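The values are calculated or read from the model by the stated rules, or taken from the named source; none is laboratory data. Everything numeric here is computed off the predicted structure, so don't read it as measured data. As a convention, Cβ positions derive from the backbone with ideal geometry for all residues, glycine included, and neighbour counts pool all protein chains shown.
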Amino acid sequence: MKIDCFDGKYAFLSNFYSSPITPFDDGIVYPTVEHAFQAYKTTDINKRKEIAAQPTPGKAKRLGRHVKMRDDWREIRIDVMYIALKEKFRDLELRTKLLATGNAELIEGNWWGDKFWGVCEGEGENNLGKLLMKIREDYRS
């Protein structure tokens, strides 16, 4: 079985899903994984706070495109995403839903061309899906 669309019943798998987290040592509460991920692109604490304060994950994502990118971003981005997701799924209700996906392959299918985190038109690395499946497996162990 495949889950290749993170909406509807599976919206909780999306980084845009409301799930306040404090995954980093900056003490900032981020409303979604997307907010946290975008904020961590910079080392500027004020920019991080500004991103965290955005009213929607879409606005946080747009603001994250305009920050001064930290030098090590390409090397740490998968680890940053893993840390944020791990924090999100510490929530018992969300963790239960994740575990209920069983052995389904989780694929971040998208139409906007993201072939790093997801799959678009049958192509992509699906790094988000892989991290979600890793976390699911971590919780089973």
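Find all pairs meeting these conditions: Cβ atoms under 6 angstrom apart; at least six residues apart or on different chains; first residue within the stretch 78-91 and of a type in the set (Ser, Thr, Tyr); second residue in a helix (DSSP H, G or I) and surrounded by 15 or more Cβ atoms within 10 Å (Cβ to Cβ).
TYR82/LEU131
Can you name the residue in the stretch 130-141 that is within 19 Å of PHE16 (Cα to Cα) and not β-branched (Val, Ile, Thr) and, of all such residues, is surrounded by the most Cβ atoms within 10 Å (Cβ to Cβ)? Steps first, answer last, please.
Within the stretch 130-141, the first condition is being within 19 Å of PHE16 (Cα to Cα), and the residues that meet it are 130-133, 135-136.
From the residues that got through so far, the ones that are not β-branched (Val, Ile, Thr) too are 130-133, 136.
Values: LYS130: 17, LEU131: 20, LEU132: 24, MET133: 18, ARG136: 19.
The residue in question is LEU132.
Considering only residues that are in a helix (DSSP H, G or I) and of a type in the set (D, E, K, R), look in the stretch 39-71 and name the one that is surrounded by the most Cβ atoms within 10 Å (Cβ to Cβ). Break it down stepwise before answering.
Taking the stretch 39-71 and keeping what is in a helix (DSSP H, G or I), we get 39, 45-52, 57-64.
The next check asks that each one be of a type in the set (D, E, K, R); those that pass are 47-50, 59, 61-62.
Details: LYS47: 18, ARG48: 23, LYS49: 13, GLU50: 15, LYS59: 15, LYS61: 18, ARG62: 13.
Across the stretch 39-71, the extreme among qualifying residues is ARG48.
If you go through the stretch 115-137 one residue at a time, do you hit one that is among the β-branched types (Val, Ile, Thr) and assigned to a helix (DSSP H, G or I)? Give the derivation first.
Here is the first cut: in the stretch 115-137, the ones among the β-branched types (Val, Ile, Thr) are 119, 135.
Adding the requirement that they be assigned to a helix (DSSP H, G or I) leaves 135.
So far as the stretch 115-137 goes, yes, one or more of its residues are among the β-branched types (Val, Ile, Thr) and assigned to a helix (DSSP H, G or I).
Would you please list the contacts, defined by Cβ atoms under 6 Å and residues six or more apart or on different chains, that run from a residue in the stretch 13-33 that is under 17 Å from TYR82 (Cβ atoms) to a residue that is assigned to a loop (DSSP other than H, G, I, E, B) and not small (Gly, Ala, Ser)?
Short answer, once both residue conditions are applied: LEU13/PHE6; SER14/PHE6; THR22/VAL29; THR32/PHE16; VAL33/ASN15.
Of (1) in a helix (DSSP H, G or I); (2) modelled with pLDDT under 95; (3) not hydroxyl-bearing (Ser, Thr, Tyr), TRP112 satisfies all except one. Which?
If we test TRP112 against (1) in a helix (DSSP H, G or I); (2) modelled with pLDDT under 95; (3) not hydroxyl-bearing (Ser, Thr, Tyr), just (1) comes out false.
What are the residues in the stretch 110-129 that are within 21 Å of ARG77 (Cβ to Cβ), surrounded by fewer than 20 Cβ atoms within 10 Å (Cβ to Cβ) and out of contact with any helix residue (DSSP H, G or I) (no Cβ under 9 Å at 6 or more places or on another chain), if any?
Taking the stretch 110-129 as the starting set, the residues that turn out to be within 21 Å of ARG77 (Cβ to Cβ) are 110, 112-120, 123-129.
Adding the requirement that they be surrounded by fewer than 20 Cβ atoms within 10 Å (Cβ to Cβ) leaves 110, 112-116, 119-120, 123, 125, 127.
Answer for the stretch 110-129, where residues must be within 21 Å of ARG77 (Cβ to Cβ), surrounded by fewer than 20 Cβ atoms within 10 Å (Cβ to Cβ) and out of contact with any helix residue (DSSP H, G or I) (no Cβ under 9 Å at 6 or more places or on another chain): ASN110, TRP112, GLY113, LYS115, CYS120, GLU123, GLU125.
Note down all Cβ pairs under 8 Å where the first residue falls in the stretch 129-140 and is closer than 19 Å to ASP7 by Cα and among the small types (Gly, Ala, Ser), the second is surrounded by fewer than 17 Cβ atoms within 10 Å (Cβ to Cβ) and at pLDDT 95 or above, and they're at least six residues apart or on different chains.
Going by the 8 Å Cβ cut-off, the qualifying pairs are GLY129/GLU105.
Quick one: in the stretch 1-38, of everything that is in a loop (DSSP other than H, G, I, E, B) and among the β-branched types (Val, Ile, Thr), which residue is nearest to the chain's Cα centre (by Cα)?
Applying the first criterion (in a loop (DSSP other than H, G, I, E, B)) to the stretch 1-38 yields 1, 4-7, 14-20, 22-29, 31-32.
Among the residues that remain, those that are also among the β-branched types (Val, Ile, Thr) are: 22, 28-29, 32.
Working: THR22: 13, ILE28: 16, VAL29: 15, THR32: 8 Å.
This residue is THR32.
Would you point out the residue of the stretch 72-109, among those that are hydroxyl-bearing (Ser, Thr, Tyr) and not in a loop (DSSP other than H, G, I, E, B), that is surrounded by the most Cβ atoms within 10 Å (Cβ to Cβ)?
Here the answer is TYR82.
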